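A.B. asks: What follows is a single structure, and I will ask about it in a moment.
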Amino acid sequence: MTAKPQFEPAAEPQPDRKYFTLEEANKALPYVSRIAEDIRGAYRHALTLQEQLETASPEEDVSAAQREYERAIAELNRFVDELHQVGVELKDYDQCLLDFPAVHEGREVYLCWKRGENEVHAWHEIDAGFTGRQDVSLLQHPPLEEK
């Protein structure tokens, strides 16, 4: 006997979660894009330090480099926490890919922004990810709802 595939219904909005309208996401973009750039810089710095630690010879004293790496990771985590406090989700450290939770037709979706874009102009279903991005003009009426 074969099991029937399990399909999860679209996520319903949660009362304690921050949801953005397209206008709110675009207004927040100058602030959150700066945080995303800080994240990208801290991430790249941490990767460089990690590589140095991994390629160090057994004779080298890496204690200073290890402390610097730990500081870099702590800074990275602070930046990510700052985004979360705003209600934005980081999806990619290097590309600065951000998702803004939104509500459309009674279900949760993401407004999606990527480094280099001057405004939020894409959205996707919560399970679709970056490859499922669609232009916000394709959203059917009613427009993204305020929550």
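The values are calculated or read from the model by the stated rules, or taken from the named source; none is laboratory data. Please read these numbers as outputs of a predicted model, since none were measured by experiment. Every residue, glycine as well, gets a Cβ built from its backbone with ideal geometry; the counts of neighbours run over all protein chains shown. These area figures cover heavy atoms from the full protein model, side chains too; ligands, DNA and RNA do not enter into them. Shrake-Rupley method; radii C 1.70, N 1.55, O 1.52, S 1.80 Å.
A.B. asks: Determine whether the stretch 89-107 contains at least one residue that is open to solvent by 30 Å² or more (accessible area, probe 1.4 Å), more than 20 Å from Glu12 (Cβ to Cβ) and part of a helix (DSSP H, G or I).
C.D. replies: no
A.B. asks: A further question follows. Scan the stretch 40-50 and give yes if some residue there is under 30 Å from Glu23 (Cα atoms), surrounded by 15 or more Cβ atoms within 10 Å (Cβ to Cβ) and within 14 Å of the chain's Cα centre (by Cα), otherwise no.
C.D. replies: The answer is yes, given that some residue of the stretch 40-50 is under 30 Å from Glu23 (Cα atoms), surrounded by 15 or more Cβ atoms within 10 Å (Cβ to Cβ) and within 14 Å of the chain's Cα centre (by Cα).
A.B. asks: One residue is enough: does the stretch 129-141 have a residue meeting the conditions open to solvent by less than 60 Å² (accessible area, probe 1.4 Å), touching a residue at least 24 places away in the same chain (Cβ under 8 Å) and part of a strand (DSSP E or B)?
C.D. replies: No, every residue in the stretch 129-141 fails to be open to solvent by less than 60 Å² (accessible area, probe 1.4 Å), touching a residue at least 24 places away in the same chain (Cβ under 8 Å) and part of a strand (DSSP E or B).
A.B. asks: Return only the number of the condition from (1) assigned to a strand (DSSP E or B); (2) surrounded by fewer than 19 Cβ atoms within 10 Å (Cβ to Cβ) that Glu75 does not satisfy.
C.D. replies: Going through (1) assigned to a strand (DSSP E or B); (2) surrounded by fewer than 19 Cβ atoms within 10 Å (Cβ to Cβ) one by one, Glu75 breaks only (1).
A.B. asks: Something else now. I want to confirm something. Restricting to the stretch 119-128 and keeping residues that are modelled with pLDDT under 95 and either in a loop (DSSP other than H, G, I, E, B) or touching an Asp or Glu at 6+ places or on another chain (Cβ under 6 Å) (or both), which single residue is nearest to Lys18 (Cα to Cα)?
C.D. replies: Filtering the stretch 119-128 for residues that are modelled with pLDDT under 95 and either in a loop (DSSP other than H, G, I, E, B) or touching an Asp or Glu at 6+ places or on another chain (Cβ under 6 Å) (or both), the one nearest to Lys18 (Cα to Cα) comes out as Ile126.
A.B. asks: Looking at Gln66, Gln85 in this structure, which one is in a helix (DSSP H, G or I), within 13 Å of the chain's Cα centre (by Cα) and either at pLDDT 95 or above or within 17 Å of Phe20 (Cα to Cα) (or both)?
C.D. replies: Gln85
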